[in-house]
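J.: Right, I'll just put the structure down here and ask away after.
The values are calculated or read from the model by the stated rules, or taken from the named source; none is laboratory data. Predicted model only: the values in this text are computed from it and were never measured. With ideal geometry, Cβ positions are generated from the backbone for all residues, glycine too; neighbour counts draw on all protein chains shown.
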Amino acid sequence: MRRIYCAALLIAIAAVPANARAGELKSFVRGSWRSIIANHSGEPIIVHFWGLTCGPCRQEMPEWGKLLAETPDLCLVTVNADMIEDAPEAVQDFLAESGLSRAENWTFDDSFAERLRYEVDPKWQGEIPVTLLIGRDGATRRIEGVAPMAEIRSWFEDAGRTGKADP
Amino acid sequence: MMLKLHVVVFALAAFAGSGAVVAQMAHDHHEHKGRETCLDLSLACASTAAPAFGPDGALWIAARVSNQIFVAKSRDHGQSFTPSVVVTQPSVNLDTGADAGPKIVVDREGRAIVAYAILRDKKYNGQVFFTRSIDSGKTFSPPSPVTSDLESQRFAALAIDSDGAIFSAWLDKRNRAQANDGGEAYVGAGVAFAWSRDNGSHFAETRLAHEGTCECCRIGIGFASPGHPVVLFRNIFEGSVRDHAVMTFADRDAPGPIFRVSNDDWATNACPHQGPSLAVTSDGAYHAAWFTAGRARKGLFYARSLDGGKSFSAPTPIGDPDHAPSRPSLLEAGGKLWLAWKEFDGDRTSVLIMASHDNGENWSAPKAIATTTEDSDHPILVSDGPHSFLSWQTLKDGYRLIELEDAS
């Protein structure tokens with residue numbers, strides 16, 4: 001069911017032109033992390049934390065867009081965890097430019113970002129990009145920095161399509 | 001008890017001057033998600049506040065509220081402030097990065113110089129501006145770019161040399177366009193610098209001190225001796241390793257070689273968003289504190305150099321690794337060396353502090369001297385000469401100035 005939700009979201013937004021502003025941009029506030037994990041329980045997901053002012057992130061985001069285009073059943077969650085107070089419109093525009101309108105997109109919406117990060121990982125001090133590969137069983141692999149797409153694809157082949165736990 | 005909480009002052013009083021009445025008070029933010037609904041030009045709504053003491057003992061604060069920076073002064077150690085004077089131009093998009101707060105220095109004649117950065121385009125390229133006051137903070141000059149180059153600048157730092165010359169250093173991407181035109185990938189940024197020899201009226205020619213630094217973190221600056229600045233920054237070493245390096249200038253216009261502070265082996269193509277702190281003590285020792293998530297070590301660390309930065313002591317871990325120790329601030333004053341930092345336990349942010357009486361060889365036990373349960377700025381240590389203070393801007397509890405007192 002959860003998988004269907006994520007897939008249904010992708011289909012619903014698929015008709016949006018690639019350069020159009022992304023549809024829904026959810027506010028990431030206290031409790032949002034728990035909500036994301038609960039909503040996707042039992043489903044392999046990739047959560048990618050990035051930021052508009054992060055140079056490596058900006059270079060990498062179109063690669064995530066390509067991966068999403070090539071992998072329609074990929075459940076990709078992006079979270080803008082930038083250190084500056086990004087305007088939601090700017091976040092949406094960049095997501096759209098990167099081909100990520102179809103992803104499940106969130107943006108930090110609390111100036112107390114330390115608290116938001118703590119809910120994700122108490123040791124996370126804000127470095128981005130960071131990617132979490134979360135298997136059906138909740139096993140999580142953390143990738144800091146620009147993610148090697150070959151590794152991401154390999155993980156998804158194992159944990160995503162076949163239903164295996166995180167290898 | 002090594003440290004004693006001596007003075008805790010909240011900015012509460014209102015002033016009726018020739019300008020607007022400004023009340024520096026803590027607001028009730030319980031219904032707010034953050035600072036976006038608090039826009040008064042006062043410390044009550046500021047997200048960041050940089051302190052500096054003037055020669056007359058007045059405390060100056062350069063603070064940011066939304067897209068404006070204002071300056072205010074206090075003659076009673078932060079209990080009350082003069083009316084806020086806005087120093088930024090209207091309709092700018094300020095760089096609000098975690099390490100990108102405004103900087104302020106006050107020279108021995110009481111002239112104040114403020115530096116800050118804007119994000120000037122949709123690609124978040126930055127531009128550093130400065131402004132000064134020569135009338136005790138009543139007015140500030142129209143902001144001027146610190147350099148004519150337009151590529152991108154962020155994280156300007158300011159320091160005043162013994163003869164009054166003002167040294168500024170920042171991260172600068174001026175070589176990016178040239179690299180791109182040549183088909184080369186441009187990674188990171190460079191450390192650029194410029195001097196003002198006319199008391200902050202303008203800054204002379206910009207030069208690059210070093211190319212190939214991390215682009216996302218503040219830098220630390222100080223002076224090894226008159227005319228010899230020291231810059232501490234997160235470098236990009238071979239293999240995309242973002243460890244720290246220090247550089248001592250051979251003279252004012254001659255950057256020196258870089259030396260590695262620590263081999264943390266943080267190989268990452270990511271933005272750490274957390275720069276170091278540097279103090280150069282009166283005996284010439286360099287003291288560095290920094291965050292890393294390297295393969296060799298993770299967390300907050302301190303080390304010192306007794307040979308002008310050529311070598312550093314083994315990194316000493318700082319704080320509770322389970323509480324994300326971060327945002328260090330080092331200061332020498334009154335014959336003591338102080339180190340402050342933040343920790344967060346999931347509910348409460350604390351500022352901890354420790355002192356060294358032997359130039360960083362031994363330290364007192366860490367002690368929490370301030371806490372808050374909502375958003376807060378970096379802790380900043382500042383001195384008026386004989387006394388040392390923690391300066392800390394918080395969302396819920398307002399501005400706090402806490403004198404550090406050594407009871408040992």
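J.: For residues that are in contact with a Gly (Cβ under 8 Å, 6 or more places away or on another chain), touching a residue at least 60 places away in the same chain (Cβ under 8 Å) and at the interface with chain B (Cβ under 7 Å from one of its Cβ atoms), tally how many sit in the range A:41-56.
T.: Count: 1.
J.: Here is a follow-up. Just for strands (runs of 3 or more DSSP E) wholly inside the range B:60-132: which have at least 1 residues that are within 14 Å of chain A (Cβ to nearest Cβ)?
T.: Answer list for the range B:60-132: B:68-74, B:112-119.
J.: Just to check your reading of the model, which residue among B:155, B:167, B:203, B:193 is assigned to a loop (DSSP other than H, G, I, E, B), hydrophobic (A, V, I, L, M, F, W, C) and touching a residue at least 40 places away in the same chain (Cβ under 8 Å)? Quick ask: steps written out before the conclusion?
T.: On the way: B:155 fails: assigned to a loop (DSSP other than H, G, I, E, B); B:167 fails: assigned to a loop (DSSP other than H, G, I, E, B); B:193 fails: assigned to a loop (DSSP other than H, G, I, E, B).
Sole residue among the options that is assigned to a loop (DSSP other than H, G, I, E, B), hydrophobic (A, V, I, L, M, F, W, C) and touching a residue at least 40 places away in the same chain (Cβ under 8 Å): B:203.
J.: Return the only residue of B:114, B:86 being over 19 Å from the mean Cα position of the chain (by Cα) and hydrophobic (A, V, I, L, M, F, W, C).
T.: Selected residue: B:86, the only one of B:114, B:86 that is over 19 Å from the mean Cα position of the chain (by Cα) and hydrophobic (A, V, I, L, M, F, W, C).
J.: Moving on. Taking the options B:276, B:255, name whichever one is touching a His at 6+ places or on another chain (Cβ under 6 Å) and within 28 Å of residue B:197 (Cβ to Cβ).
T.: B:276
J.: Moving to a separate point now. I want to confirm something. Restricting to the range B:399-408 and keeping residues that are crowded, with 24+ Cβ neighbours inside 10 Å and out of contact with any Gly (no Cβ under 7 Å at 6 or more places or on another chain), which single residue is farthest from residue B:339 (Cα to Cα)?
T.: B:400
J.: Considering only residues that are within 17 Å of residue B:358 (Cα to Cα), buried (at least 18 other Cβ atoms within 10 Å of the Cβ) and charged (D, E, K, R), which ones fall in the range B:283-335?
T.: Result: B:304, B:332.
J.: Inside the range B:336-383, can you point out the residues that are within 25 Å of residue B:53 (Cβ to Cβ), in contact with an Asp or Glu (Cβ under 9 Å, 6 or more places away or on another chain) and of a type in the set (Phe, Trp, Tyr)?
T.: B:338
J.: Condition check: within 14 Å of chain A (Cβ to nearest Cβ) and assigned to a strand (DSSP E or B). Does residue B:328 satisfy that? Give the steps one after another, and end with the answer.
T.: Numbers: within 14 Å of chain A (Cβ to nearest Cβ): yes; assigned to a strand (DSSP E or B): yes.
It is true that residue B:328 is within 14 Å of chain A (Cβ to nearest Cβ) and assigned to a strand (DSSP E or B).
J.: For the range A:125-141, what are the residues that are over 15 Å from residue A:36 (Cβ atoms) and either within 8 Å of another protein chain (Cβ to nearest Cβ) or under 13 Å from the mean Cα position of the chain (by Cα) (or both)?
T.: Result: A:125, A:126, A:127, A:128, A:129.
J.: Would you check if residue B:234 is out of contact with any helix residue (DSSP H, G or I) (no Cβ under 7 Å at 6 or more places or on another chain), in a loop (DSSP other than H, G, I, E, B) and either within 14 Å of chain A (Cβ to nearest Cβ) or touching a residue at least 24 places away in the same chain (Cβ under 8 Å) (or both)?
T.: Spelling it out, it is not the case that residue B:234 is out of contact with any helix residue (DSSP H, G or I) (no Cβ under 7 Å at 6 or more places or on another chain), in a loop (DSSP other than H, G, I, E, B) and either within 14 Å of chain A (Cβ to nearest Cβ) or touching a residue at least 24 places away in the same chain (Cβ under 8 Å) (or both).
J.: Which condition does residue B:279 not pass, out of (1) touching a Leu at 6+ places or on another chain (Cβ under 8 Å); (2) within 14 Å of chain A (Cβ to nearest Cβ); (3) buried (at least 22 other Cβ atoms within 10 Å of the Cβ), if it passes all the others?
T.: Residue B:279 satisfies every listed condition except (2).
J.: Also, I was wondering about something else. When the residues of the range B:85-119 are narrowed to those that are surrounded by 17 or more Cβ atoms within 10 Å (Cβ to Cβ) and among the charged types (D, E, K, R), which ends up farthest from residue B:384 (Cα to Cα)?
T.: If we take residues in the range B:85-119 being surrounded by 17 or more Cβ atoms within 10 Å (Cβ to Cβ) and among the charged types (D, E, K, R), then B:95 is farthest from residue B:384 (Cα to Cα).
J.: Output the qualifying pairs, or none if there are none: Cβ atoms under 8 angstrom, residues six or more apart or on different chains, first residue in the range A:101-121 and over 21 Å from residue B:343 (Cα atoms) and at the interface with chain B (Cβ under 7 Å from one of its Cβ atoms), second residue at pLDDT 95 or above and assigned to a strand (DSSP E or B).
T.: Note: pairs meeting the criteria are A:109/A:27; A:109/A:28.
J.: When you go through B:344, B:291 one by one, which is the residue that is in contact with a His (Cβ under 7 Å, 6 or more places away or on another chain), within 14 Å of chain A (Cβ to nearest Cβ) and of a type in the set (Phe, Trp, Tyr)?
T.: B:344
J.: Sticking with this one: Which residues, counting only those in the range B:180-189, are surrounded by fewer than 20 Cβ atoms within 10 Å (Cβ to Cβ) and either under 25 Å from residue B:231 (Cα atoms) or touching a residue at least 12 places away in the same chain (Cβ under 8 Å) (or both)? It would help to see each step written out before you state the result.
T.: Going residue by residue through the range B:180-189, those that are surrounded by fewer than 20 Cβ atoms within 10 Å (Cβ to Cβ) are B:180-187.
Scanning the range B:180-189 gives B:186, B:187.
J.: So residue B:162 passes all but one of these: (1) surrounded by fewer than 15 Cβ atoms within 10 Å (Cβ to Cβ); (2) more than 21 Å from residue B:246 (Cβ to Cβ); (3) more than 14 Å from chain A (Cβ to nearest Cβ). Which condition number does it fail?
T.: Among (1) surrounded by fewer than 15 Cβ atoms within 10 Å (Cβ to Cβ); (2) more than 21 Å from residue B:246 (Cβ to Cβ); (3) more than 14 Å from chain A (Cβ to nearest Cβ), the lone unmet condition for residue B:162 is (2).
J.: Filtering the range A:72-97 down to residues that are surrounded by fewer than 23 Cβ atoms within 10 Å (Cβ to Cβ) and small (Gly, Ala, Ser), which residue is nearest to the chain's Cα centre (by Cα)?
T.: Per the stated criteria, the residue is A:96.
J.: Identify, please: which residue in the range B:336-360 is in contact (Cβ under 8 Å) with a residue 12 or more places away in the chain and not in a strand (DSSP E or B) and is, among those, surrounded by the most Cβ atoms within 10 Å (Cβ to Cβ)?
T.: The residue in question is B:360.
Yes/no matrix, rows are residues, columns are (1) within 14 Å of chain A (Cβ to nearest Cβ); (2) closer than 20 Å to residue B:336 by Cα:
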site: B:213; (1), (2): yes, no
site: B:225; (1), (2): no, yes
site: B:259; (1), (2): no, no
site: B:296; (1), (2): no, no
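J.: Assuming residue B:394 fulfils every condition listed in (1) crowded, with 19+ Cβ neighbours inside 10 Å; (2) more than 14 Å from every other protein chain (Cβ to nearest Cβ); (3) not charged (D, E, K, R) apart from one, which condition is it?
T.: Status for residue B:394: all satisfied but (2).
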